[in-house]
Ligand SMILES: [Zn+2]
């Protein structure tokens, strides 16, 4: 395979064998992984046949195939767009932005980043609109288009603030500390990430949902007792008013330090029997007990370090070689290839980060089984969850391997059957 010149230029010349090995690995790894999953396919298919009728399986498959296709096209469009931007007349943009901001480099960086981030958000919008329409069609969403657009605006706005804020800080360090910028940038990103994870439950989540304390004293006492037994005493269980948007059911565990909390969707509290709510809580206790937020943070920050190391090489080379008219490390237009690199690395990291996530979810499932010793309720809960959420209970192996943050439903049921 011949790489486009733009991608080839990222690799130093004379190292063709490395490029070949890397490409070979990228192609072989998913193939080998899907191949190794093949023998268990029949077993998982039998589980699906035992718990679901064919109409439901087909409806879930068709819905998720459409959603997935739109997501994959969106990823491809965004990747092409950022590559196209990063290979544009960077020197001209830097000069224009400096001119527009009275020569203040940090403001010029903020201006370019803001324009790029807004442009990418609007490129993503039609895909989000399509997925929202699909979810409305199958009855998973029932909120209005106005509320969808308001949510989109809020999420996009938070994204723009983060991109501009972090980008200006990191590229400012890149310009002023040629040797050690990456270490300073890593420290900055680490502090901001920990701060964000701590503050999101207090500052960001309330922008999208209202939360109240679980108002069923008997159920609350039972759930708090369960979390105490699991070794992670919680102060309170919060309920989110998810039902104003969706019929989907969920529970999650968020925050860090004093802002740690367990949140249940009101759709779950209203529609599920207490045994099954307790099972879902036991899964969340599993995450808590095994320190998954802390481990996830640590792995994420390790990945950021690898990204900064790559950026050190690639952006350093681009800045000093006058790539597409760039005028040195201080050129504000460097934010464009930097942001492009960030987005491309984020896309590539989906597969390993989902692999880690699936392992953590499987561990939380195992903890919930160990705590409750009730695999029958576990299976009933999984089946009800899949039906409420119109899940694709057994996706193609490559889809689960690359895109799933949780083991697929059939695999989770199999774990409970093996636990018996
Ligand atoms: Zn989980």
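What follows is calculated from the coordinates using simple rules that are stated; it is not laboratory data. What you see is a predicted model; the values in this text were computed from it and never measured. Backbone-built Cβ (ideal geometry, glycine too); neighbour counts: all protein chains shown.
Computed over the alpha-carbon atoms, segment 209-290 gives an Rg to Rh ratio of 0.93, Rh here being the Kirkwood radius from the mean inverse distance.
Restricting attention to the chain, close to 65% of DSSP beta bridges with both partner residues there are antiparallel. Distance between the modelled labels on residue 99 and residue 72, one decimal in nanometres: 4.4 nm (7 Å Cα→Cβ projection). For segment 105-189, count all C-alpha to C-alpha pairs, find those more than 20 Å apart, and express that count as a whole percent of the total. Summing the P(r) of segment 105-189 above 20 Å gives 50 percent of all pairs.
At R0 = 22 Å, how high is the FRET efficiency between residue 65 and residue 362 if r is their beta carbon distance? Nearest 0.05 is fine. Mind dumping the intermediate values first?
Working: r = 25 Å, r/R0 = 1.12.
The value I calculate is 0.35.
From most to least packed by mean Cβ count within 10 Å, the peptides 214-225, 99-110 give 99-110, 214-225. For the chain, what is the mean residue ellipticity at 222 nm derived from helices alone (per DSSP H run of n ≥ 4: -39500 (n - 2.57); sum divided by total residues; nearest 500 deg cm²/dmol)? Rounded to the nearest 500, it is -24500 deg cm²/dmol. Computed from the alpha carbon atoms alone, the convex hull of segment 250-331 holds 153 Å³ per residue. With the chain treated as a Gaussian network of Cα nodes joined by springs under 10 Å, which of 361, 40, 294 yields the largest mean-square fluctuation? Per the Cα network of the chain with a 10 Å cutoff, 40 tops the list.
Once the chain from residue 123 to residue 145 is taken as fully extended at 0.36 nm per residue, the excess over their C-alpha distance is 6.1 nm. Given 10 Å bins starting at zero, what is the percent of C-alpha pairs of the chain in each, up to the one with the largest pair distance? Calculated P(r), rounded to whole percents: 4, 18, 28, 26, 16, 7, 1, 0. Which whole-angstrom value gives the distance between the alpha carbon centres of segment 362-420 and segment 187-263? Using only Cα atoms to place each centre, the spacing works out to 22 Å. Hydrodynamic analysis of segment 343-393 uses the Kirkwood radius over alpha carbon pairs. Inserted into Stokes-Einstein at 10 °C and 1.306 mPa s, it gives a translational diffusion coefficient of 123 µm²/s. Would you mind telling me the antiparallel percentage of the DSSP bridges in segment 209-290, rounded to 5? The antiparallel fraction comes to roughly 65 percent. Against the empirical 2.2 N^0.38 Å (N residues), segment 189-230 has a Cα radius of gyration ratio of 1.64. Across the alpha-carbon set of segment 58-124, the Rg to Rh ratio works out to 1.24, Rh being the Kirkwood radius.
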